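Below is one structure, written out as structure tokens; the observations come after it.
Quick note: the coordinates plus some simple rules give every number you see, no bench work behind them. Only a predicted model underlies this, so the values are computations on that prediction, with no experimental measurement involved. Neighbour counts are summed over all protein chains in view; Cβ atoms, including those assigned to glycine, are modelled from backbone coordinates with ideal geometry.
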Amino acid sequence: IGLIRFITEKIGFLSKKEINHYEKIEYITEKEVAAIVPAHNEELSIDYTVNALKKILPSENIYVGSDASTDKTVKIARGLGVNVTDIWPNQGKARVLVYLLKNFRLLEKYKAVMIIDADAEIDEKYLKRALPLFNDPTVAAVAGHGKTKWQGGWPLSWANFFLAYRVRLWRVVQYGMRYGQTWKHTNFTYIVPGSPSIYRTWALKQIHIDVPGLIIEDFNMTFELHHKKIGKIASDPGIFAVHKDPYTFKDYFKQIRRWNLGFWQTVKRHGFWPSLFFLSTILFSVELMLFSIFIILIPAIVTLFFLNSFQPLTLPVLNAFSIADFSVISRVDIWDIVLGVFMIDYLMTAIASFFEERPSLLVYGLGFFFLRYIDAFSFVYTLFLAFFIKSTGLWQSPKRQVSGLKFQKV
């Protein structure tokens, strides 16, 4: 789908109806855009975030909501000359977003609102690339994507191992999935990231942002766009911000647990409705669930090969209708596992390394299966948590460090 989108957009064919539409379009300008920044104890990064926003927006269009910060977040943000609200007690990101929108009457003052995390540095061409997508009046939101800030050189480090994995993940997700899913003829992406994204204000008026019981808001906001038929989601690979991703195992696991739990909680909340989006999301979820179960079983399968002197094994086939279908037996060789799992995984790393021009990714990639295993475990077990856990939505910023991971121009 992504390849079809690329070819058709490069051809640039427009029908007479589309030509007439673009002649009458009402454009959104930079001055008609507000940026809201929810923050909690982000004294080490808030200045980078705000200063990057000030390069593309007037200071009066930037709104920082400090969610019960106990550090210097508020002082630093106010010193940068933007609008700052010190919110107490701790509300959580979703409620901070709603507070900023209502307290400053942003939905009445502006035509579009950007949402960006307080650890992100927006690209200088973000609005120049995002706003033209709103020339299509059916587009309600533009999904940007995050790029990981990492040094990626030598010597290797444990922190950069996690960051390198994210570099590969974002490359695969952006070009392997979202680019095709947000084509105007498909429109079934399941996530407009919580940062960096931009919504029309009339679309935000129809979205229930601070839903009780959800651990994160961005999945639900995306589902509401589809479920309520508010409008389409657009994206482009050139619309991004640079993020400080987790660089410790504890913070990494906490983040993916939040993401996966938030996804399943949102699926549970919205239930079934007939649509291409729902069909696509369910097929994706089933596929990822089966693959995750398979990844979790890999250590057991390798152990069986070891006990069987690495002779071929007969295993039940996993399929979409039964987790283990013993009526269909397949002979599996150890090289099937090596090629089908490890080599394919490493091939994705090699491709990412080429496009990122980061040779060190090839070294880090030798250990990426460990994190894929963690991802698979989190995806499976959070499905069950979604039926028993109601979240408060409160959040806590991950560990930051001053040196080594500072923002730099991408």
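List of remarks:
- Between Glu287 and Thr314, the distance separating the two model label sites (each 7 Å from Cα on the Cα→Cβ line) works out to 3.1 nm.
- Over segment 186-298: Rg over Rh, Cα atoms, Kirkwood Rh: 0.97
- Applying 0.36 nm per residue to the separation of Thr29 and Val338 and subtracting their alpha-carbon distance, the gain on full extension is 106.0 nm.
- Highest GNM mean-square fluctuation among Ile337, Ile198, Ile209, for the chain modelled with Cα contacts below 10 Å: Ile337.
- Each Lys or Arg adds one and each Asp or Glu subtracts one; over the other residues with Cβ under 12 Å from the Cβ of Asn260, this totals +2.
- Were the residues from Ile389 through Arg105 laid out at 0.36 nm apart, the gain over their Cα-Cα distance would be 98.9 nm.
- Residue range of the chain that is longest and free of GluC sites (Glu not before Pro) which are both DSSP loop and sparsely packed (at most 13 other C-beta within 10 Å): 125-356
- Within the chain: Cβ-based charge dipole about Cα centre, in debye rounded to nearest 20 (Lys, Arg +1; Asp, Glu -1): 680
- Close amide H contacts of Val84 (hydrogens built in the peptide plane, cut-off under 5 Å, sequence separation of 5 or more or a different chain): Val64.
- When you restrict to C-alpha pairs under 8 Å that are six or more residues apart and normalise by the size of the chain, the relative contact order lands at 19 percent.
- Rounded tilt (10° steps) of 2-11 against the dominant C-alpha axis of the chain: 50
- The alpha-carbon positions of segment 35-82 define a convex hull whose volume is 53 Å³ per residue.
- In this entry, segment 51-209 is assigned a mean projected area of 11.2 nm², taken as a quarter of its C-alpha convex hull surface.
- Taking amide H positions as modeled 1.01 Å from N, with prolines and chain starts lacking one, the residues under 5 Å from Thr148 and 5 or more places away or on another chain are His243.
- Antiparallel bridges, percent of DSSP beta bridges restricted to the chain (to nearest 5): 45
- Among [x] 42; [y] 39; [z] 45, the entry derived from the coordinates for percent of Cα pairs over 31 Å apart: [x]
- Rule-of-thumb Rg ratio for segment 110-202 [Cα; 2.2 N^0.38 Å; N residues]: 1.24
- Taking each of Lys75/Lys109; Lys31/Lys93; Lys75/Lys128; Lys184/Lys390; Lys93/Lys250; Lys128/Lys390 in turn, the alpha-carbon distance tops 28 angstrom for Lys75/Lys128; Lys184/Lys390; Lys128/Lys390.
- Subtracting the Cα-Cα distance of Ser275 and Phe355 from 0.36 nm times their residue separation leaves 25.3 nm of extension gain.
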